[in-house]
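Participant: Supplied in structure tokens, the structure appears directly below.
Laboratory data are not the source of any read-out in this text; all were calculated from the coordinates shown. Predicted model, so just to flag it, every value in this text is computed and none were measured.
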Amino acid sequence: MAGNAIALQPPKAYDLLAAQPASSKGLSESEKSNIVVSAVADMDGSNHVLSRFGDPVWDFRPYFEQSNVADGQKYIPWPEDCSQELVDDCKVVLYVWFKRGLPGSKPPVAMGICQTAIASAIPMMRWLTALNIKRFDQVRPIHVANYVHHTKARLTCWRRFKIEPPCRLNFEPGLMANL
């Protein structure tokens, strides 16, 4: 049965995806917005772009081979209630992580990117937005300390009710330096 589900999945557009830059550094806004995040190829070999960097939703369906993952977990709906600067910076970090991985490790699977965006990046952006922070360069050490406290309080609630917390990406100092 699983073999049939995989056979029905359209092939990825490997040539198109491999031609995409590993980082948006040095690109114009237009070039950055047009980076292909996901694409498929049809039976004739024609490529069809599913999502681009500048899209409000990233579609990761082609990267999932598991049949037990709900379709809703294969998308990243970028928040419209946060500043575009916060959203774009988070997109850059997650895109580069997806393409290159962290230093000393291989790139994550699509599930890791989707879970990190939905469970960590988007809640953090909304928390910063509630503080009227529009860009990451406005974040100060006190904000980081308060967010850690806020997150720990949420984790304590999950443990109390024996609910598994969502994954979190541990950002390393200087990670943004080469993006």
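Participant: Dividing the convex hull volume of the Cα atoms of segment 72-126 by its residue count, what figure in Å³ per residue is obtained?
Facilitator: On the way: hull volume 4.1 nm³, N = 55.
Taking only Cα atoms, segment 72-126 has a hull volume of 74 Å³ per residue.
Participant: Using the Cα atoms of segment 21-124 to build a convex hull, what is its mean projected area in square nanometres?
Facilitator: Details: hull surface 30.6 nm².
With the hull built on Cα positions only, its mean projection is 7.7 nm².
Participant: Determine the alpha carbon to alpha carbon distance for each of 106/134; 99/152; 25/134; 74/152 and list only those over 24 Å. Walk me through the numbers on the way to the answer.
Facilitator: Values: 106/134 31 Å; 99/152 30 Å; 25/134 21 Å; 74/152 27 Å.
Too far apart for the 24 Å limit: 106/134; 99/152; 74/152.
Participant: Kindly write out, for segment 94-104 in residue order, the coupling ³J(HN,Hα) from the Karplus curve 6.51 cos²θ - 1.76 cosθ + 1.60 (θ = phi - 60°), rounded to whole Hz, with x marking Gly and Pro.
Facilitator: Running phi through 6.51 cos²θ - 1.76 cosθ + 1.60 with θ = phi - 60° gives 5, 5, 5, 4, 5, 7, 10, x, 7, x, x Hz.
Participant: Also, quick follow-up: Which cross-chain or sequence-distant (5 or more) residues have an amide H under 5 Å from the amide H of residue 39, H modelled 1.01 Å from N in plane?
Facilitator: 13, 50
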